Amino acid sequence: MTLSDLIPEPCPHCDQHQPRAGMDQHITTNHADIPPCTARIDTESGGLYTCSFRIGHTRGEYGDQHASPSSTPLGRYVWADSAPGATPHRDEEQQ
Ligand SMILES: [Zn+2]
Ligand SMILES: [Zn+2]
C-alpha cells in the first residue's frame, strides 16, 4: 500500500469515489451484475494486462480507456484500444 493507494478515484460505473486500493473490490461487489470488460494488452515489455473494470466503463478518470488491476507494482496500467498490442473488449459468444 502506497500513499497513492489512499487517494480516492471516481468509480467508472457510478458516482462514488473509492480509495484506489479499494476500487477493484468496490467494482467486484457493487457492480457484480455488469459483465467484465475483456479488453487486454500485450505490452512490448512482455507484460500482459487485462482490464479490471466492467463493460461500459466510460465514467471516472480513465474515460473509455482500459486499466489493469491496481495491485500491479506501478499502479494501474492504462491503455486505449488503439495502443499497439491491445485487444478490444468483445462480447462473449452466448453459450
Ligand atoms: Zn461504483
Ligand atoms: Zn476495459
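Nothing in this text is a laboratory measurement; each read-out follows from the coordinates by a stated rule. Quantities reported herein were computed from a predicted structural model and do not represent experimental measurements. Methodologically, a virtual Cβ is constructed for each residue, glycine included, from the backbone with ideal geometry; neighbour enumeration extends over all protein chains shown.
Assorted remarks:
- For segment 3-87, the spread of Cα positions along the three principal axes, ordered from largest to smallest, is 33, 29, 18 Å.
- For Q18, nonlocal amide neighbours, meaning residues 5 or more places apart or on other chains whose placed amide H falls under 5 Å from its own, are E9, C11.
- One decimal place: the segment E92-H26 gains 21.4 nm when fully extended, by the rule 0.36 nm per residue minus the C-alpha distance.
- Helices in the chain, meaning DSSP H runs of at least 4 residues, each add -39500 (n - 2.57). Divided by all residues, the mean residue ellipticity at 222 nm is -3500 deg cm²/dmol.
- Inter-label distance, nm, simple model (7 Å from Cα along the C-beta direction), Q16/L48: 3.2
- Other residues within the sphere of radius under 13 Å centred on the Cβ of P36, judged by their own Cβ, net out at -1 (K and R +1, D and E -1).
- Farthest towards the positive end of the charge dipole of the chain, among the residues C51, Y77, C37, is the Cα of Y77, using unit charges on the Cβ of Lys, Arg, Asp and Glu.
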